[in-house]
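Read the structure below first, then the notes.
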């Protein structure tokens, strides 16, 4: 990023006007110093999920982010439960005679508990910065 006397220059590659004189790009180092143009590293870009255009000074609406993240929790929980759902559905067939293994029932219960804990943690987050740092936790998928 280039600065002219401390002010960001939006598009220096198109040239720049200083004191009513237009200077085409590229400028050599001496001319840039003479005009007061300095190059500084771009500020680190923040996560676009939480900040508009990655700009730390433009956080997204906290309530909207919480609703979106809770929807993600529900989607992830459903995805973790889906592979064993057929076992639960099999119980509805009286001729199957096969019970659901206890480890599957325990895993499904732990997924639901983790989902509820993740939702509660998200609702308790005080600001967008805390939300950007939040990591959901889920139980380990049992071995087949």
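For the stretch 1-29, the tally of residues that are in a loop (DSSP other than H, G, I, E, B) and free of Cβ contacts under 8 Å to residues at least 40 places away in the same chain stands at 13. Output yes when any residue across the stretch 96-106 is part of a helix (DSSP H, G or I), touching a residue at least 24 places away in the same chain (Cβ under 8 Å) and more than 21 Å from residue 47 (Cα to Cα), and no when none is. Within the stretch 96-106 (the criterion being part of a helix (DSSP H, G or I), touching a residue at least 24 places away in the same chain (Cβ under 8 Å) and more than 21 Å from residue 47 (Cα to Cα)), the answer is yes, since at least one residue qualifies. Within the bounds of the stretch 79-98, is there any residue that is modelled with pLDDT of 95 or more, farther than 30 Å from residue 19 by Cβ and touching a helix residue (DSSP H, G or I) at 6+ places or on another chain (Cβ under 8 Å)? Yes, that holds for at least one residue. Residues that are surrounded by 11 or more Cβ atoms within 10 Å (Cβ to Cβ) and under 30 Å from residue 129 (Cβ atoms) within the stretch 9-38 comprise 9, 38, listed in sequence order.
Rundown of residues vs (1) under 15 Å from residue 3 (Cα atoms); (2) at pLDDT below 90; (3) assigned by TED's automatic domain parsing to the domain that holds residue 118; (4) assigned to a loop (DSSP other than H, G, I, E, B), yes/no style:
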site: 31; (1), (2), (3), (4): yes, yes, no, no
site: 34; (1), (2), (3), (4): yes, yes, no, no
site: 46; (1), (2), (3), (4): no, no, no, yes
site: 63; (1), (2), (3), (4): no, no, yes, no
site: 71; (1), (2), (3), (4): no, no, yes, no
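What do you reckon, is residue 126 out of contact with any helix residue (DSSP H, G or I) (no Cβ under 7 Å at 6 or more places or on another chain), under 30 Å from residue 59 (Cβ atoms) and assigned to a loop (DSSP other than H, G, I, E, B)? It is true that residue 126 is out of contact with any helix residue (DSSP H, G or I) (no Cβ under 7 Å at 6 or more places or on another chain), under 30 Å from residue 59 (Cβ atoms) and assigned to a loop (DSSP other than H, G, I, E, B). The set of residues in the stretch 60-90 that are more than 31 Å from the chain's Cα centre (by Cα) and surrounded by 12 or more Cβ atoms within 10 Å (Cβ to Cβ) comprises 87, 88, 90. Residue count for the stretch 130-144 under the criterion of being in contact (Cβ under 8 Å) with a residue 12 or more places away in the chain and surrounded by 11 or more Cβ atoms within 10 Å (Cβ to Cβ): the result is 8.
The values are calculated or read from the model by the stated rules, or taken from the named source; none is laboratory data. A quick note: this is a predicted structure, and the numbers were derived from the prediction, not measured. In this analysis, Cβ positions are derived from the backbone assuming ideal geometry, glycine residues included, and neighbour counts consider all displayed protein chains.
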